[in-house]
Structure formats: C-alpha cells, structure tokens
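Remarks on the structure that follows.
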C-alpha cells in the first residue's frame, strides 16, 4: 500500500516511510533529468557544428580547443545547475560538499589526479592536437584529449630505441595503426616530450663507415651534397620556427646546414651526417638521402666498410692416408 503521510508529506510504502521520498524531491528529480538532457543535447549540437566546420575548413588546432571549451562549458553548466536545483539552502550545500569532497578524495584519487592533469595540459599549453609527443612511454600524434585521458596515434621507434617497451614492429617514426590512451595524470609523474610545439623539426643522423685507405674527403663532400639537395628548401621554414623558439625561451639556434662529424675506430672511420628534418617526414627524407649517398659511393667505386674478412692465402696442406702409413712395403 502506497500513501502520502506525515510531514512534510513523506511517501510511505506498505507502512514504511521512505527517507527523502517527498513530492518536492520528486519535482527536483524530474527537473534535474530534464535539465541534464537539455544541456547534453546542446553540447552534442555544438560538437556537431564543430565537426561540420572541420569538414569545410581544416582548422585542427582551433577546433581542438573549441571542443575543449564546449566540454568545459557543458560540465560547468551541469554542475552549477544540478547543485542549484538540489541545494537551495547554503548550509546544506556546505555540509554535502564537505562530505562529498572527503569521500571523492579517498575513493577517486586517480580520477581526480587525471582530471587535474587535464587542466594542467590546458593551462600549460603542453601540446595541441596533431602534435607528436612522448607521454607515459607512448610515442605518437595526439588525436584527442578528454578530462581523464589523452588519445595518441602510436608511431614506431627507430632502431636505436627498438629495445624500449612496448615492443614495436615498425622500425621508424611512422604510425603503427594502434590507438593508445594515456592517463592525464602522467604529466605529474613523467616528462612530456613534444616534437612539434614551437619548432616542428628535429636533427637526425646517418652514419657511414669508410675504410681508412679510401678518399675520406670525397665521401664527406658526397654526404654534404646529398643532404643539401634534400634539406635546402627547409632552411627558411626552420629559421622562422627558430625565431619563435628564441622569443619564447631565449634559446638561439643557428646550425641549420648539414654537418659531417668524424670518429676514429679500430676498424674504420665513422662519418656521421647530421641534418635537419621535418618531424613528420623523417623516414622519407632519410630514405632519399641514403639513396643518393649509395649511388654516389657506387659511382666513386668506394665501398662501405663492414666487419668482413678476406682470406688471401693458405699455408701448404699435407694429407697422409692411414692406409699408406700401415703398408709394410711403405
């Protein structure tokens, strides 16, 4: 049997009074549901408009921050609206907020830390969508950012770091196809490496071992010429980016031209070509330069040194037959 009795009109079910089940709270519940549905619908419509804008004009960074603004505004309106509906008495609000915050701080430590990391990422301008980063041990391009997680399109690892975890099957800085989510709390525990923030270039190297008896100067010039042909168009863009870097951090960069460094070893001379490359085109650039270098070495009839051995002679070999040694006549 259901009846409304008592003060203030408490709901009773089979003679048992249900705590908090009052017509006033019922009205608040219906109003809360309607309010939440309305705000979420508005947020969905705004995000749909942003997706439509992306299909017309590709403003990836602007749309990225616009989505973050929509998410923050939606969450803020929801919190303020629900609190205003249920806690019209400031005294009740303070008591409930104290109990709620104490419980959340204990039970949802990682969630709170991840959410705090989200605001650090927004305030600190650590990265934008499309930036190539290393975060939480994951290398790749940022494709999305939520309140608790950063979504990264994973990329492979070059041979010098192939042993790093997790293992990779792509042996260069190109996408593996895996989508990885990393907790935003990692910004408090580990450094975040950004390859493309103010300076979307990196320096890379190609090492060529040369025998000491070969024409070392000719090989060095060949390396410089090969790199210059492919990196010359990048110098102007790199200088503009370096100017931005200098304004922000006071760090001047001047070595935009290819350089060759020598290193003596027991077996050969290592000529290391250092050159500037766009972050997202490193593999293509190294491939083109390597093909040029190999073609030039072939034309100059210079071989790349390697740990091989040439057998140039053998001492005389005497073979004695056992049958001959046991022959009495012999």
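Quick notes on this one:
- If R0 is taken as 35 Å, the Cβ-Cβ distance between residue 263 and residue 63 corresponds to a FRET efficiency of 0.15.
- Based on alpha carbons, the Rg and Dmax found for the stretch 201-299 are 15.0, 48 Å.
- Compared with the alpha-carbon gap, the fully stretched path from residue 240 to residue 41 is longer by 67.3 nm at 0.36 nm per residue.
- Alpha carbon centroid spacing (whole Å) that separates the stretch 217-242 from the stretch 167-186: 30 Å
- Using C-alpha pairs under 8 Å with a sequence gap of at least 6, the mean separation divided by the residue count of the stretch 161-313 gives a relative contact order of 32 percent.
- Computed extension gain for residue 33 through residue 254, at 0.36 nm per residue and net of the alpha carbon distance, reaches 73.5 nm.
- Computed with the Debye formula from one identical point scatterer per Cα of the stretch 132-194, without solvent, the log10 of I(q)/I(0) at q = 0.23 Å⁻¹ comes to -0.93.
- From least to most packed, judged by other beta carbons within 10 angstrom and beginning with the fewest, 176, 320 follow the order 320, 176.
Readers should treat all values here as calculations from the given coordinates under stated rules, not as data from a laboratory. Fair warning: this is a prediction, and the values are worked out from it, not measured in the lab. For neighbour counting, all protein chains shown are included, and Cβ atoms are generated from backbone atoms with ideal geometry for every residue, glycine included.
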